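**Student:** Quick one: this structure, given as C-alpha cells, is what I'll be asking you about.
Each value in this text was obtained by applying a stated rule to the coordinates, not by laboratory testing. Because the structure is predicted, anything quoted here is derived from the model rather than measured. Don't worry about glycine lacking a Cβ; one is built from the backbone with ideal geometry, like all the others, and counts go over all protein chains shown.
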Amino acid sequence: MNMQTLPRIGLSKLRSLRERERLFHVAWGLARWLTVAVAVVAVCTFIDWRVDKYRETPQYLRVLLTITEAAVLGVTAWFWLIRPWMKGPDMIRLARRVEDGIPEFGHRLVTSIQLSRADERTVGMSPELIENVARESEEVARRHTFRKFADTRPLKRAGMLIAAPVVLFGVMMLVYGSDLFKVLVQRQLLATAEIPRVNHLENATPGLWPAGDEVTVEYVVSGRIREDAVGTVRVSPDGLPADEYKLAFDRRLDDDHTVFAARIPHSSVNFTHRAWAGDGRSKNASEVKFEPRPVVTRTDAWVQLPAFLGAKPDGSPYESYQAQGEITGLANSVARVRIGVQKPVSEAKVTLIARTKDGNGELVKGVVKLTPRVRVLLSNNEYEYPAEGSFPLTPDLIAYQVDVKDVNSFANATPPRRGIQISPDDPPVVRLLPERYSEPGTRPSDEDIIEGLPVPIGGQIPIAYTCRSNQGVGRAQLRYRINERGPWAILPLKAVDADAKSGPFDPTFGTFVNAEYGQQVEFHPVPSPDRDSTPDYLTGGGRFDFQTAELTKITDDGRLAKLEIGDRVEYYVEVFDRNPGPNRAPGRSESRIKEVLSPADVLLRLDQTRQAEGKIRDLEKKQRDVFQRRSE
C-alpha cells in the first residue's frame with residue numbers, strides 16, 4: 001500500500017477519539033462496578049451481622065458469602081472494565097460518526113480507512129483514485145478536531161451514578177460504625193475476627209426496666225473467682241420457654257466481690273431469672289418488670305409572625321402552622337411547639353441545635369423547657385399528655401430535638417428531631433406591568449397593551465406595577481435618570497387607600513376595579529381579605545402617570561436643561577418591606593427606557609405598532625380558521 005494512501009492524520013485523530021471513548025466507557029463501568037461492589041459488601045456484611053447477632057455465623061455461610069462476593073465482582077469486572085478496555089470502540093463506527101458531524105468528508109474518511117486496510121480488496125480500483133480519496137480525507141481531517149464527537153453519555157451516567165456507592169458506604173458507616181465495619185469486612189475475607197459479646201451475673205439487677213430495652217442482669221459473686229470463668233443465667237419469660245445465657249466477668253468491686261453480668265435481648269415480657277457461677281448460685285428467683293418508655297406521639301409547631309406584620313382582630317399574633325413540626329420561618333420570629341405523649345411525664349424539653357461557625361458540625365444552642373398541659377381524651381378512649389413551649393428563631397438554628405422523661409426517669413428512646421429552616425431575608429418582589437394605552441372613558445384591557453412606545457415631549461409615562469413580600473410592603477418610590485448619566489433621582493410614591501367607590505385592587509392592571517380614567521394610584525398596600533388568618537399588606541402595587549414636562553437633564557457643559565427630542569428617560573420602581581430593621585434593602589423592578597420624540601413621531605410609531613398588531617391578529621385568525629376547517 002502506498003504510504004500516501006494511508007489517512008495518517010485521520011487515523012491519528014480517530015485513535016485519540018477512540019481512547020477518549022474507551023476511558024468514558026471504562027469510567028461508566030467503574031461506576032457500576034463500584035456500586036455493585038459496595039452493594040454486595042453491604043448485603044453480605046448485613047447478613048453476617050444479623051445472623052451473628054443471635055448465633056455464631058456458620059462457617060459454610062461465611063464461605064458462601066465470600067464466594068458470592070468474589071464471583072459477582074469478578075464477572076462484573078470482566079464485562080464492565082476489562083472487556084471494554086481491551087476491545088474499545090470500533091474505528092469504522094467512530095469514523096461514520098465523525099462524517100455525520102463533518103459533512104465535508106463526504107464518506108471519504110470511512111472509504112480511505114477501509115481501503116488502507118491490508119485485507120481490503122482493491123483489485124481493479126485506480127491507485128490514483130485511492131490516493132486522491134486519502135489525500136482529500138487528510139485535508140479535511142487537518143482542518144477539524146475529532147474530540148468533540150466523543151460520546152460523553154457514559155461519562156455523564158458515571159458522574160450521576162458515582163454518588164450511589166458513596167451514599168451507600170456512608171449509610172454502612174452510619175449503621176455499623178467504623179469498628180464494627182472493619183470487623184465485618186475482615187470476616188468477609190474469612191478472617192477469624194469475632195463480633196464481641198458482653199455477658200454479665202449476681203442479683204443487683206433493678207426490678208423495673210424500660211420496655212423494649214436490652215436488660216443487663218447483674219449478680220455480685222462473693223469470694224474469689226477467676227475472671228475467665230463463665231456462668232449461666234436462666235431467663236424465664238412469662239408464658240414462654242426458658243432461655244439460658246452465658247454469664248461472664250464484668251468488674252471487681254473489691255478482692256472478695258466481683259460483678260458478673262449477662263445482657264438479655266430487647267424484650268417487653270416480664271421474666272424471672274436465676275444464676276449460677278463458680279460453685280455458687282442464687283437463692284431465689286428474681287423478677288424483672290417492664291414499663292413502657294414515654295413516646296412522643298405527636299409534634300406540632302407554629303411560627304408566630306413578627307410584630308411589625310400586625311396582629312389579628314382579637315390582638316393575638318398571626319401564626320402559621322408547620323406541618324409535622326418542621327419549622328420554616330423568618331429570623332427573629334417565635335416558634336411554638338406542642339407535643340403529645342402517651343403517658344404522664346416529669347420532664348419535657350426541646351433541645352435547640354445550631355450549626356457550628358465553620359459549618360461542618362452541630363452544637364447545642366440551648367434548651368427550652370416545655371410546660372405540661374391538661375391531658376386530652378382521644379377518640380380511642382386513651383389519654384394524651386401534651387406539653388408546650390416557645391423559642392425565638394435565630395439565624396444559626398437548624399433543628400430541634402424533643403426529649404421527655406417519665407416519673408421513673410425513663411427517657412424516650414428515639415427523641416424526634418425536626419428541622420428548622422430560616423427563610424431567606426429577600427427584598428420585595430417588584431414587577432412592572434405591561435404598558436396599556438386605553439381610550440378615555442374606557443376600561444383598560446389586553447387590547448391596549450403597547451410595549452416600548454416612546455413618550456411625546458412634555459408628555460407622561462404610564463407606569464403600572466405589582467409587588468409582594470412575606471414581610472409586608474411598606475413604601476414605594478420611583479427612581480429615574482436622563483440619558484444614563486448623573487445620579488438616580490427619587491420620586492416617593494404616595495400611598496392611596498381603597499374605599500367603597502373604588503372597589504378592590506386589581507393586580508392585573510395595578511389599580512382599583514372601579515378606578516376612574518386617569519386616576520392616579522401611586523402605591524396601594526393591599527389589605528388582607530381575611531385578617532383572622534393572613535396579615536395585611538403582603539401585596540401591593542400601583543398605576544400612575546409619570547409627568548416628564550418638568551424633568552431636567554444635565555448638559556455636556558454641566559448646565560440644567562429641560563428635556564429635548566432624542567433624550568432618554570430610564571426608570572424603575574423600588575419597594576421597601578415593613579421590617580423596621582436598619583439598612584433594609586428594597587426590592588426593585590426591571591428598568592425601562594423611554595425615548596422622547598415629537599407628538600407626531602409618537603403618533604406615527606403608535607399607528608405602525610397597531611397596524612403590525614392588526615396584521616398579527618388577522619394571521620392568527622386565519623390560522624385558527626384553517627385548523628377549525630381541518631378538524632371538521
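**Student:** Two decimals is fine: what is log10 I(q)/I(0) at q = 0.19, 0.24 Å⁻¹ for region 158-266, from a Debye sum with one equal scatterer on every Cα and no solvent?
**Tutor:** The computed values of log10 I(q)/I(0) come out as -1.01, -1.18.
**Student:** Just to be sure I understand the model, the point goes 7 Å from the Cα along the line to the Cβ. What's the resulting GLN477 to ALA77 distance in nm?
**Tutor:** It works out to 7.1 nm between the two label points.
**Student:** Take each of the peptides 328-341, 589-602, average the number of other beta-carbon atoms within 10 Å over its residues, and list them starting from the highest.
**Tutor:** 328-341, 589-602
**Student:** Would you tally the net charge around ILE264, using a Cβ to Cβ cut-off of less than 9 Å, leaving ILE264 out, and scoring K and R as +1, D and E as -1?
**Tutor:** -1
**Student:** Looking at region 393-541, what % of the alpha carbon pairs are farther apart than 27 Å?
**Tutor:** Pairs farther apart than 27 Å: 46 percent.
**Student:** Taking R0 as 30 Å, what FRET efficiency do you get between VAL167 and ARG355 from their Cβ-Cβ distance, rounded to the nearest 0.05?
**Tutor:** 0.90
**Student:** Stretched out fully, how many nm does the piece from LYS246 to LEU180 gain, at 0.36 nm a residue minus the Cα gap?
**Tutor:** 21.6 nm
**Student:** Right, here's the next one. Please list, by residue number, everything in region 542-568 whose backbone N is under 20 Å from a paramagnetic label point 7 Å out along Cα→Cβ of LYS501.
**Tutor:** Flagged as within label range: 543-545.
**Student:** D for region 296-422, whole µm²/s, Stokes-Einstein with Kirkwood Rh over alpha-carbon pairs at 25 °C and 0.890 mPa s: what number?
**Tutor:** 159
**Student:** How many percent of all Cα-Cα pairs in region 208-291 sit more than 16 Å apart?
**Tutor:** 50
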